[in-house]
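Below: one structure in structure tokens.
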């Protein structure tokens with residue numbers, strides 16, 4: 001029997017765009033091992049969303065990025081086989097503005113790459129990255 005989740009967890013996704021490419025990381029740990037995704041990190045206590053984005057991107061890619069405005073959110077609610085709430089996660093995706101550095105995989109990233117939207121269609125990518133494809137069809141995001 002699993003214990004019921006008592007509150008939602010907040011995560012922050014980093015949507016970093018540069019020269020018509022999107023920063024993606026290839027996960028090296030389960031459950032999304034080997035899958036390309038938008039970098040998503042748990043929100044750190046005492047930090048703003050932007051500070052978490054900046055610190056975590058630096059840790060996992062070695063790049064400097066400035067945290068920007070929220071773009072969209074995603075809510076995931078899961079129940080176990082007994083009907084108990086097993087997971088409630090809210091992910092807020094923020095724009096990340098590239099400042100400097102070349103991506104080098106670190107932390108939970110097996111690989112890091114700048115990927116064109118066209119190339120994403122031929123990669124094994126997760127649902128957040130698929131949502132990004134849809135969002136990019138409606139948003140005009142430019143380097144600032």
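Among the residues of region 3-24, how many are touching a helix residue (DSSP H, G or I) at 6+ places or on another chain (Cβ under 8 Å) and under 24 Å from residue 88 (Cβ atoms)?
The qualifying residues number 4.
Counting only residues that are under 15 Å from the mean Cα position of the chain (by Cα) and within 21 Å of residue 31 (Cα to Cα), which one in region 87-105 is modelled with the lowest pLDDT?
Filtering region 87-105 for residues that are under 15 Å from the mean Cα position of the chain (by Cα) and within 21 Å of residue 31 (Cα to Cα), the one modelled with the lowest pLDDT comes out as 105.
A further question follows. If we scan region 112-123, do we find a residue that is over 18 Å from residue 8 (Cα atoms) and under 13 Å from the mean Cα position of the chain (by Cα)?
yes
To keep it simple, each residue is scored yes or no on (1) more than 19 Å from residue 32 (Cα to Cα); (2) free of Cβ contacts under 8 Å to residues at least 60 places away in the same chain.
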site: 77; (1), (2): no, yes
site: 85; (1), (2): yes, no
site: 90; (1), (2): no, no
site: 94; (1), (2): yes, no
site: 99; (1), (2): yes, yes
site: 103; (1), (2): yes, no
site: 108; (1), (2): no, no
site: 121; (1), (2): no, yes
site: 127; (1), (2): no, yes
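Tell me which residues, restricted to region 99-109, are surrounded by 15 or more Cβ atoms within 10 Å (Cβ to Cβ) and assigned to a strand (DSSP E or B).
109
Filter region 106-122 down to residues that are modelled with pLDDT under 90 and in contact with a helix residue (DSSP H, G or I) (Cβ under 8 Å, 6 or more places away or on another chain) and give me whichever is nearest to residue 17 (Cα to Cα).
The selected residue is 117.
Only one of (1) surrounded by fewer than 19 Cβ atoms within 10 Å (Cβ to Cβ); (2) more than 15 Å from residue 132 (Cα to Cα); (3) within 15 Å of the chain's Cα centre (by Cα) fails for residue 27. Which number is that?
Of (1) surrounded by fewer than 19 Cβ atoms within 10 Å (Cβ to Cβ); (2) more than 15 Å from residue 132 (Cα to Cα); (3) within 15 Å of the chain's Cα centre (by Cα), only one is false for residue 27: (1).
Scan (1) touching a strand residue (DSSP E or B) at 6+ places or on another chain (Cβ under 6 Å); (2) surrounded by 13 or more Cβ atoms within 10 Å (Cβ to Cβ); (3) under 24 Å from residue 5 (Cβ atoms) for the single condition residue 96 breaks and write down its number.
Condition not satisfied by residue 96: (3).
Does residue 71 count as modelled with pLDDT of 90 or more, more than 20 Å from residue 33 (Cα to Cα) and surrounded by 15 or more Cβ atoms within 10 Å (Cβ to Cβ)?
no
Taking residue 64, is it in contact with a helix residue (DSSP H, G or I) (Cβ under 8 Å, 6 or more places away or on another chain), touching a residue at least 24 places away in the same chain (Cβ under 8 Å) and surrounded by fewer than 21 Cβ atoms within 10 Å (Cβ to Cβ)?
Yes: the conditions hold for residue 64.
The values are calculated or read from the model by the stated rules, or taken from the named source; none is laboratory data. Note that the structure is a prediction, hence the values are computed from the model and not measured. FYI the Cβ positions are ideal-geometry reconstructions off the backbone, even for glycines, and counts take in every protein chain you see.
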